[in-house]
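Okay, structure first, notes after.
The values are calculated or read from the model by the stated rules, or taken from the named source; none is laboratory data. Just so you know, these numbers come straight off a predicted model, no measurement behind them. Here the Cβ positions follow ideal geometry from the backbone for every residue, glycine too, while neighbour counts run over all protein chains shown.
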Amino acid sequence: MSNPILEVKDLRVYYKSIWGDYRVVDGVDLTVNKGEILGLAGESGCGKSTLVEGILRLVEPPGFIAGGKVIFKGIDLLSLSEEELRKIRWRQIAYIPQGSMNSLNPVIKVKDQMIDVMIDHGILDKEEAEKRALELLEAVGLPSETADMYPHQLSGGMRQRVIIAMAMSLNPELVVADEPTTALDIVMQKTVLLTIAKLRDDYGSSVILVSHDMAAHAEIADRIAIMYAGKIIEVGDVHDIFKEPAHPYTRMLIDSIPRLEKKILRGIPGLAPSPLRWPSGCRFHSRCPLAKKRCRYEEPSLKSLGAGHLVACHLWG
Amino acid sequence: MTLLGFARRYLVMVKESMIFKDLSRSTKFKSGLLLLLSVCIISLIGSRLSPYDVRQVGYLPPDRPPTLEHPLGTDSFGRDVFSELLVGTLNSLQVGFIVGFIVTLVSVALGFIAGYYGGKRLDAIISSITRIFLVIPALPVMILVSACIRVITIHMLALIISAFSWPFATLVIRSQVLSLREKEFVNLAKASGLNDLRIIFEELIPNMLPYIGANFASLVSWAILAEIGLGILGLGPMEVTLGIIFYWSLVHLALIRNLWWWWFPPILVFMLIFSSLYLIHSGLDEVANPRLKRVTGL
Amino acid sequence: MGLKRYFAEKICMYLASMFTAITLNFVIIRLIPGNPAEVLKELLRQQAISVGVVEFVEEYIREFGLDKDIATQFIYYLVQLLHGNLGVSMTRFPVTVQELIARHLPWSIGLLGVSCIISFALGTLLGAFLGWSRNSRIAQGLYYLALYLSLTPYYLLALILVYLFVFLIPLFPFSGGYSISVSGGLNYILDILWHSTLPALSVVLSSAGGWALSMRAFMVNVLGEDFLRLAKAKGLKPARIFRLYALRNAILPQTTGLALSIGNIVAGSLLVEVIFAYPGMGWLLFQAISCLDYTMIQGIFLITVTAVLTSIFIIELLYPLIDPRIRYS
């Protein structure tokens with residue numbers, strides 16, 4: 001069944017500082033299959049966004065990629081030259097960034113920002129690109145006047161949908177959406193999520209959906225990967241994970257989803273550890289209610305529980 | 001609480017803050033300060049020790065190139081250029097520091113009244129007046145004033161320069177206050193019931209010290225620049241300053257008569273002062289905005 | 001709607017600044033001890049001008065209402081200004097201030113206008129490059145060069161240039177704006193250019209360094225913005241990212257900076273003219289100061305400040321053209 005389009009192997013992204021390296025992404029293995037929506041969940045600060053930057057090779061100094069491979073359709077993206085990578089970007093891998101409020105160029109019309117990417121990838125001439133831009137805006141439910149507006153004239157949700165329209169423009173095989181719904185109101189969150197799901201349904205693109213919001217994953221993801229302290233600690237089918245979370249941390253994440261019937265919200269006690277010095281053993285042990293002595297010294301690796309369900313926890317052998 | 005007690009507590013608080021620790025690590029700040037202090041001390045001690053009176057004209061042979069006795073030769077008035085330079089540097093620095101202190105005080109006061117203490121209406125009034133004066137070029141106004149008063153001392157000159165240098169400094173401080181007052185710790189202080197004055201002196205000012213210091217450094221260099229500008233036009237004070245040295249050497253065509261020891265050393269001294277102030281300024285700036293160093297990588 | 005308010009605000013600020021400058025000009029001149037008319041008479045007497053002095057001073061008193069109270073004097077002064085009358089030069093009587101300024105102003109506008117445009121364009125481009133490739137060795141070397149050039153004031157750079165290119169290697173003339181022996185035609189123009197090279201160069205070198213530094217800083221800021229990261233993720237061609245994403249946005253604060261520093265550039269250039277005895281406003285000012293021609297100093301002040309304020313005003317009026325956020329808000 002598995003037909004991977006993207007394989008991340010032991011990816012490490014560090015940040016240099018005078019106190020030493022911040023090991024924000026510290027050896028991540030991840031697979032994205034063709035046509036699926038993979039949810040990537042975890043508290044803020046666990047390295048989700050940096051992992052995305054690593055996959056897309058958008059890490060800026062003082063950050064750097066300290067090791068690993070990002071294999072997209074058999075090619076290691078990390079080994080390509082800038083120009084080779086440029087040709088793959090957007091045409092095959094599109095990106096919907098976090099904080100899209102400032103992700104559009106404030107001095108260029110929406111239309112022109114949609115057209116330029118089509119022209120620079122040499123796919124369409126200006127006239128066709130303009131027509132396509134209008135179609136795409138319609139597809140994400142924006143009026144055609146939006147095309148001639150500047151970003152500051154649009155609301156946050158509208159800007160987000162402009163970027164989604166932009167992401168669809170070259171029918172990419174993979175879309176990476178980093179917290180696409182933060183800073184949006186509830187109604188708009190739902191609209192944006194459904195638009196992303198539509199991307200997959202209509203174009204067959206694979207999607208990596210990064211969000212700290214477990215509800216968002218429940219809504220549209222096929223599989224879900226949980227990240228904690230720079231590592232993936234559990235991966236599996238979204239139903240399996242919500243029904244029977246294997247890792248204590250995953251269980252706590254799911255319990256912290258606000259629900260109507262619940263009176264009290266349960267947060268996760270304790271503070272997230274610092275990437276400058278990760279705890280020894282299992283990185284979650286200090287916050288884990290089920291921690292044993294072994295958890296403090298020995299770091300667990302990902303083990304299969306069957307049906308593609310992997311977990312890194314000593315409770316499972 | 002007595003004033004003295006308050007001052008002592010205040011100093012301790014500032015010393016313990018992160019700013020002080022960061023500053024002692026900044027090479028730029030330390031080397032700039034060292035450079036500036038040495039220029040100050042050398043000119044201060046040198047001008048006291050110098051056996052030649054720069055106010056007396058004509059008792060040395062004029063236009064002599066450097067010798068051991070006169071390391072920078074003599075000028076067309078028969079004065080020892082080295083002594084002239086020491087006194088001139090000291091006086092120019094004096095102008096710079098007086099302007100720096102006056103304008104820093106005024107701009108901090110105005111900046112806080114406009115940005116924090118005074119409320120919306122007072123802010124609107126202060127900032128529009130500041131903006132009106134900001135665009136009027138300061139040097140021409142100073143030229144007009146100095147030309148009308150004619151006979152001035154270095155202290156009057158410093159006052160004149162101060163009178164027309166506050167708008168920019170005030171706007172800088174005001175915008176800093178505006179951005180700081182939105183910060184978490186200010187709300188916390190407010191919630192815990194501190195009154196406005198205590199918030200200003202205990203929360204805002206300690207956090208703004210690097211900005212205020214950087215502002216001070218650029219004011220000093222601006223004032224020395226203005227002093228030289230007025231000096232070159234023949235509007236300098238009665239005492240010898242760097243500007244006055246340039247003026248006399250220009251009037252006496254030192255350039256074309258190749259009396260390089262007369263006009264070139266003051267340029268070097270000026271560049272030394274200017275570079276040291278720049279180092280102090282950018283050292284403080286980096287402490288104030290740690291992002292700056294990270295982003296620029298320099 | 002937003003645009004209308006923007007323009008209204010800028011026009012108000014312009015008028016307020018102009019009025020403040022005129023008031024300063026009127027007030028400051030009264031710092032001179034004594035009655036202005038008496039000062040004038042005394043000065044003319046010192047210069048042994050006798051013919052027509054009494055009539056002249058009477059005419060002057062009548063025109064500027066100097067025998068009336070201070071408020072009335074101010075109104076007379078404003079009326080005279082509106083008629084373009086800046087008074088008579090105290091030392092070159094009976095030549096009027098406006099005649100003298102009209103003679104010298106074109107020199108300053110020519111020198112300053114050209115060197116300002118060149119330095120702004122040059123510095124901005126250099127700064128854009130320095131910011132864009134901020135991690136390269138060349139860019140870091142050029143950064144320090146620009147830093148030192150910008151730390152050197154124009155007039156000190158002028159002294160050094162004179163020493164190098166007039167005294168050591170005699171390539172350019174020491175002073176003046178033209179040679180007396182040359183007249184008419186192409187030679188005359190070439191002669192003016194030859195005389196203007198060094199003064200222009202001191203302004204260009206020093207201010208281009210400053211522009212490069214500020215542009216570099218703005219560029220570095222823009223490079224950290226979210227929209228630049230998206231542009232990179234979009235796989236746009238680097239040339240497009242540079243031009244339409246980085247440069248296009250960094251130029252906005254740079255233009256605001258231009259408006260704010262025009263005053264300093266003009267003032268600095270006045271001093272450069274003094275060093276080169278270049279026949280512009282700075283040289284006129286220098287002469288007026290050395291013989292205490294107050295009406296002249298006042299006139300030059302007013303023209304300089306008007307020129308500065310008007311340039312700032314024009315830049316501010318054009319600003320919405322490059323920043324759509326002001327056009328539609």
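Answer yes or no as to whether B:ALA114 is away from every other protein chain (no Cβ under 14 Å), in contact (Cβ under 8 Å) with a residue 12 or more places away in the chain and out of contact with any Phe, Trp or Tyr (no Cβ under 6 Å at 6 or more places or on another chain).
Details: away from every other protein chain (no Cβ under 14 Å): yes; in contact (Cβ under 8 Å) with a residue 12 or more places away in the chain: yes; out of contact with any Phe, Trp or Tyr (no Cβ under 6 Å at 6 or more places or on another chain): yes.
Yes.
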Test: residue in region C:137-149 that is surrounded by 22 or more Cβ atoms within 10 Å (Cβ to Cβ), under 30 Å from B:ILE273 (Cα atoms), of a type in the set (A, V, I, L, M) and touching a Ser or Thr at 6+ places or on another chain (Cβ under 6 Å): no
Flag if A:SER44 is modelled with pLDDT under 90, at the interface with chain C (Cβ under 8 Å from one of its Cβ atoms), within 18 Å of the chain's Cα centre (by Cα) and under 26 Å from A:ALA215 (Cβ atoms): no
Region C:51-81: number of residues that are aliphatic (A, V, I, L, M), in a loop (DSSP other than H, G, I, E, B) and over 35 Å from the mean Cα position of the chain (by Cα): 1
Matching option when the condition is charged (D, E, K, R), within 10 Å of another protein chain (Cβ to nearest Cβ) and assigned to a helix (DSSP H, G or I), among C:GLU273, C:GLU316: C:GLU316
Where a residue in region C:64-86 is under 17 Å from C:PHE19 (Cα atoms) and at pLDDT 85 or above and its partner, wherever it lies, is in a loop (DSSP other than H, G, I, E, B) and of a type outside the set (Phe, Trp, Tyr), with Cβ under 6 Å and at least six apart: C:THR72/C:GLY65; C:GLN73/C:GLY65; C:TYR76/C:GLY65
Any pair with Cβ under 8 angstrom, 6 or more apart, that starts in region A:55-67 at a residue that is away from every other protein chain (no Cβ under 13 Å) and ends at one that is surrounded by fewer than 19 Cβ atoms within 10 Å (Cβ to Cβ) and acidic (Asp, Glu): A:ALA66/A:ASP21; A:GLY67/A:ASP10
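Scan B:GLY96, B:GLY78, B:GLY100 and give me the residue that is among the small types (Gly, Ala, Ser) and farther than 30 Å from B:SER127 by Cα. Outline the logic, then answer.
Values: B:GLY96 fails: farther than 30 Å from B:SER127 by Cα; B:GLY100 fails: farther than 30 Å from B:SER127 by Cα.
Sole residue among the options that is among the small types (Gly, Ala, Ser) and farther than 30 Å from B:SER127 by Cα: B:GLY78.
Hey, among the residues in region C:154-180 that are outside any loop (DSSP other than H, G, I, E, B) and among the β-branched types (Val, Ile, Thr), which one's surrounded by the most Cβ atoms within 10 Å (Cβ to Cβ)?
Pass one, region C:154-180, residues outside any loop (DSSP other than H, G, I, E, B): C:154-168.
So of that shortlist, the ones also among the β-branched types (Val, Ile, Thr) come out as C:160, C:162, C:166.
On the way: C:ILE160: 16, C:VAL162: 22, C:VAL166: 18.
In this case the residue turns out to be C:VAL162.
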Condition check for B:LEU139: in contact (Cβ under 8 Å) with a residue 40 or more places away in the chain and within 11 Å of another protein chain (Cβ to nearest Cβ): yes
Helices (runs of 4 or more DSSP H) contained entirely in region B:66-178, each with at least 3 residues that are of a type in the set (A, V, I, L, M) and more than 23 Å from C:LEU31 (Cβ to Cβ): B:81-112, B:119-135
A:LEU134 being in a helix (DSSP H, G or I), surrounded by fewer than 21 Cβ atoms within 10 Å (Cβ to Cβ) and at the interface with another protein chain (Cβ under 9 Å from one of its Cβ atoms): no
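Among C:ILE322, C:ILE297, which is more than 7 Å from every other protein chain (Cβ to nearest Cβ) and modelled with pLDDT of 85 or more? It would help to see each step written out before you state the result.
Values: C:ILE297 fails: more than 7 Å from every other protein chain (Cβ to nearest Cβ).
Matching residue, one of C:ILE322, C:ILE297: C:ILE322.
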Residues that are within 13 Å of another protein chain (Cβ to nearest Cβ) and within 11 Å of A:VAL110 (Cα to Cα), drawn from region A:147-161: A:ASP148, A:MET149, A:TYR150, A:PRO151, A:HIS152, A:GLN153, A:LEU154, A:ARG159
The listed residue being surrounded by 21 or more Cβ atoms within 10 Å (Cβ to Cβ), of a type in the set (A, V, I, L, M, F, W, C) and at negative phi, out of B:VAL103, B:VAL57: B:VAL103
Pairs, first closer than 13 Å to B:VAL108 by Cα in region B:197-215, second not in a helix (DSSP H, G or I), C-beta under 7 Å, six or more apart: B:PRO206/B:SER17
Checklist (1) farther than 30 Å from A:GLY45 by Cα; (2) modelled with pLDDT under 90; (3) surrounded by 22 or more Cβ atoms within 10 Å (Cβ to Cβ) applied to A:ARG161, failing item: (1)
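Kindly indicate which of C:GLY127, C:GLY123, C:GLY131, C:GLY141 is without any contact (Cβ under 8 Å) to a residue 12 or more places away in the chain and assigned to a helix (DSSP H, G or I). So that I can check it myself, show each step before the final result.
Numbers: C:GLY127 fails: without any contact (Cβ under 8 Å) to a residue 12 or more places away in the chain; C:GLY123 fails: without any contact (Cβ under 8 Å) to a residue 12 or more places away in the chain; C:GLY131 fails: without any contact (Cβ under 8 Å) to a residue 12 or more places away in the chain.
Checking each option against the conditions leaves just C:GLY141.
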Selected residue [among the β-branched types (Val, Ile, Thr), part of a helix (DSSP H, G or I) and out of contact with any His (no Cβ under 9 Å at 6 or more places or on another chain)] from A:ILE65, A:ILE164: A:ILE164
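In region C:181-189, is there at least one residue being within 14 Å of another protein chain (Cβ to nearest Cβ), surrounded by fewer than 19 Cβ atoms within 10 Å (Cβ to Cβ) and either farther than 30 Å from C:ASN249 by Cβ or modelled with pLDDT under 90 (or both)? Give the derivation first.
Residues of region C:181-189 within 14 Å of another protein chain (Cβ to nearest Cβ): none.
No: region C:181-189 contains no residue that is within 14 Å of another protein chain (Cβ to nearest Cβ), surrounded by fewer than 19 Cβ atoms within 10 Å (Cβ to Cβ) and either farther than 30 Å from C:ASN249 by Cβ or modelled with pLDDT under 90 (or both).
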Test: residue in region B:201-217 that is within 14 Å of chain C (Cβ to nearest Cβ) and part of a helix (DSSP H, G or I): yes
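Looking at region A:292-311, which of its residues are in contact with a strand residue (DSSP E or B) (Cβ under 8 Å, 6 or more places away or on another chain) and surrounded by 14 or more Cβ atoms within 10 Å (Cβ to Cβ)? Show your work before the answer.
Initially, region A:292-311 is screened for residues in contact with a strand residue (DSSP E or B) (Cβ under 8 Å, 6 or more places away or on another chain), giving A:302-305, A:307-311.
Scanning region A:292-311 gives A:LEU302, A:LYS303, A:LEU305, A:GLY308, A:HIS309, A:LEU310, A:VAL311.
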Boolean, A:LEU80 is of a type outside the set (Ser, Thr, Tyr), in contact with a Lys or Arg (Cβ under 9 Å, 6 or more places away or on another chain) and either free of Cβ contacts under 8 Å to residues at least 24 places away in the same chain or surrounded by fewer than 16 Cβ atoms within 10 Å (Cβ to Cβ) (or both): yes
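Quick one: which of C:ASN249, C:ASN221 is out of contact with any Asp or Glu (no Cβ under 9 Å at 6 or more places or on another chain) and within 30 Å of A:ARG57 (Cα to Cα)? Before the answer, list the steps.
Working: C:ASN249 fails: out of contact with any Asp or Glu (no Cβ under 9 Å at 6 or more places or on another chain).
Among C:ASN249, C:ASN221, only C:ASN221 is out of contact with any Asp or Glu (no Cβ under 9 Å at 6 or more places or on another chain) and within 30 Å of A:ARG57 (Cα to Cα).
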Residue count for region B:237-258, restricted to those that are within 11 Å of chain C (Cβ to nearest Cβ) and over 22 Å from B:GLY32 (Cα atoms): 12
Residue selected from region B:20-50 under the condition in contact with an Asp or Glu (Cβ under 9 Å, 6 or more places away or on another chain) and touching a residue at least 40 places away in the same chain (Cβ under 8 Å), by the criterion surrounded by the fewest Cβ atoms within 10 Å (Cβ to Cβ): B:ASP22
